[in-house]
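One structure below.
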Amino acid sequence: ACNALDSDAVECLRQRKYREDKPFALMAGSIDVIRQYCELSDGEADLLRSRERPIVLLAKKQGTAVPAAIAPGVSTLGFMLPYAPVHLLLFESLAEPLVMTSGNISDEPICFREDEAAERLENIADYFLTNDRRIHIRTDDSIVRLAPKQSSIQNSRLQIILRRSRGYAPEPVRTPFHFSRQILACGAELKNTFCLTKDNYAFLSHHIGDLENLETLRSFTEGIMHFKRLFDLEPEVVAYDLHPEYLSTKYAQSDSGIGTKIGVQHHHAHIASCMADNDAEGEVIGVAMDGLGFGTDGKMWGGEFFVADFNRAERIAHLDYVPMPGGTQAIREPWRMAAVYLERAIGNNFPDLKIPFLGTLDRKKWSTIESMIASNTNCPETSSMGRLFDAMSAILCVRSTANYEGQAAIELETIAERSEDKCYEFTFEDGGIIKSEALIRRVVEDLINGVSAAIVSARFHLAVAELIANVATNLRDERHINRVAISGGVFQNIFLLERACNMLNARGFEILTHSRVPTNDGGISLGQAAIANARLRSGRI
């Protein structure tokens, strides 16, 4: 913790935690203090005061005194109220908000044992406040976001749980169906959660984090053991993501003593998670958009339309495949995807275009990437909408390199002009292939003509929203399904989600969005469990 109004302290904390840009969470002693820095609706105030005490993302007031280093590049601040006695004691003598960040080095699990904290955090913390009350399990703060105005779904505001952890977990998600056997669903790699089931209950875990190292894997396995003891569970079935390199998949496929193992496609799990979140059964039009997920063809999916139920998912349409030069390096460097999309839309001479982004393009690096693509060296193909958002962010000179997951897309949403009502258009080819070349050419034309990045960003967001509404309408005409389930990390974007829901509502669709579990990969394990259960009941394993 540090004084949130002390710029030097905030910068020092960033340096010590190796946390370049990712926003810090804040804690204030009262709602009145939060109102000094943020716009706050009654619904947001109720969330802050709720027994779960989540971090709530709030619109930052213009001219606020909070240092820019708290949340660089975004227009929101994440605030929470005290949830433990020690917090109340702190704020008895403090009027200012505090930065409250987890006791860890970035991307590592939280330290929750005193000896571990003293060793691993000695170069971060100046002082340690300890207690004789033992901590049994590490748990991050939960994060929730509300849409800024009335949505078109049941006359209520859209609520997105970005992280379901402290305050929410381990409270189970009650399902309309019965789990015939106890299931362990191992989740995905990023924003991992696991899920254990019994009767009509899905015990979705706290946020584990990104399963990319041994320490986080240990946290994952310790969490499973804790839940098994806590709820007296002994799973007979294990469900897992199809990606062969995920540590969660390798754990599930190991000799764990669980005999029945069921692989579940990533985006089918997203749709099933949304259905379970809404107590829905039967067929839906499924819209799954995210950064990456392993497809049944071995390629990386992420811009998908399905007709789906818990048993099956038929892929109807998807973004056209493009190479992802350097694999995960293209996620960290969105300029790579920008160059790929520009080359697709304009041709080999695209570097000669008179747009600001290309003034920053390193021609030698692009030449190397061209060679990689030509030789198909470390260039997995992807249909990811998340990567298209990254590309657009770089093309608009918003973010060419990313220091945390989703940064490019988050900052692209931040700049979008909310009053804009024009949009670009995607085109279609046979086989349900969604093409972006014409859209990219329109973006380039607007930039050459001096249209602002804020307007271009908004037109792109509206194009994606209209794409969703148009594909859903076509599928309703063909399949006579009027219910649309929307899931995936792309829909953490409130501007996009709200516009898509408004368009679908205007066309008379029943809309399912997440409200109890995360729309991102934190909800995947619930979907895996629901699909595994359906397949067990139908004999499709």
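Any read-out appearing in this document is the output of simple, stated calculations on the displayed coordinates, not a laboratory observation. None of these values were measured; they are calculated from a predicted model. Cβ sites come from the backbone with ideal geometry, for glycine too, and all protein chains shown count toward neighbours.
So if I place +1 on the C-beta of Lys and Arg and -1 on the C-beta of Asp and Glu, and nothing else carries charge, what would the dipole magnitude of the chain be about its Cα centre? I want it in debye, nearest 20. Once rounded to the nearest 20, the dipole reads 540 debye. For segment 254-312, state which chymotrypsin sites (Phe, Trp or Tyr not before Pro) are in a DSSP loop and have at most 11 other beta carbons lying within 10 Å of their beta carbon. Counting only loop positions with at most 11 other Cβ atoms within 10 Å, none of the chymotrypsin sites (Phe, Trp or Tyr not before Pro) in segment 254-312 qualifies. Which values of log₁₀ I(q)/I(0), to two decimal places, follow from the Debye formula for segment 257-402 at q = 0.17, 0.18 Å⁻¹ with a uniform point scatterer at every Cα? Result of the Debye calculation: -0.92, -0.99. Convex hull volume of the C-alpha atoms in segment 322-458, normalised per residue: 109 Å³. Close amide-amide hydrogen proximity is noted between Leu26 and Gly78, Phe79, Met80, Met100, each under 5 Å apart and 5 or more residues distant or on a separate chain (H modeled in the peptide plane; Pro and chain starts excluded).
Listed from fewest to most Cβ neighbours within 10 Å, the set Leu361, Leu230, Leu292, Leu204 follows the order Leu230, Leu361, Leu292, Leu204. Positive contributions from Lys and Arg (+1) and negative ones from Asp and Glu (-1), summed over other residues with Cβ under 13 Å from the Cβ of Ala453, come out at -3. Counting charges near Met337 (Lys, Arg +1; Asp, Glu -1) among other residues having Cβ under 12 Å from its Cβ returns a value of +2. Neighbour counts of other Cβ atoms within 10 Å put Ser41, Ser457 in the fewest-to-most order Ser41, Ser457. Report the Stokes-Einstein translational diffusion coefficient (µm² s⁻¹, integer) for the chain, Rh taken as the Kirkwood radius over Cα pairs, at 37 °C with viscosity 0.692 mPa s. The estimated diffusion coefficient comes to 136 µm²/s. Expressed per residue, the C-alpha convex hull volume of segment 412-541 stands at 143 Å³. Rg and Dmax of segment 242-330, based on Cα coordinates, read 14.5, 41 Å. Of all beta bridges that DSSP places with both ends in the chain, some 60 percent have antiparallel geometry. Taking amide H as placed 1.01 Å from N in the peptide plane, the amide H of Cys38 sits under 5 Å from that of Lys61, each at least 5 places away or on another chain.
Against the empirical 2.2 N^0.38 Å (N residues), segment 479-536 has a Cα radius of gyration ratio of 1.27. For segment 37-81, a crude dipole built from +1 on the beta carbon of Lys and Arg and -1 on the beta carbon of Asp and Glu, taken about the Cα centre, is about 140 debye to the nearest 20. For the pair Thr360 and Tyr404 in one chain, pulling the backbone fully straight at 0.36 nm per residue adds 13.7 nm over the alpha carbon distance.
Here the gap between Asp477 and Ala68, fully extended at 0.36 nm per residue and compared with their Cα-Cα distance, gives a gain of 142.3 nm. For segment 58-103, the percent of C-alpha pairs falling in each 5 Å distance bin, counted from 0 to the bin holding the largest distance, reads 5, 16, 28, 21, 17, 11, 2.
What the Kirkwood sum gives for segment 105-237 is a hydrodynamic radius of 16.9 Å, with every pair of different alpha carbons counted. For segment 377-489, the Kirkwood hydrodynamic radius comes to 15.4 Å, computed from all pairs of different C-alpha atoms. Using the Cβ of Lys191 as centre and a radius below 9 Å, the other residues enclosed give a net charge of -3, where K and R count +1 and D and E count -1.
Kirkwood radius for segment 2-146, taken over all pairs of different Cα atoms as the inverse mean of 1/r, rounds to 16.0 Å.
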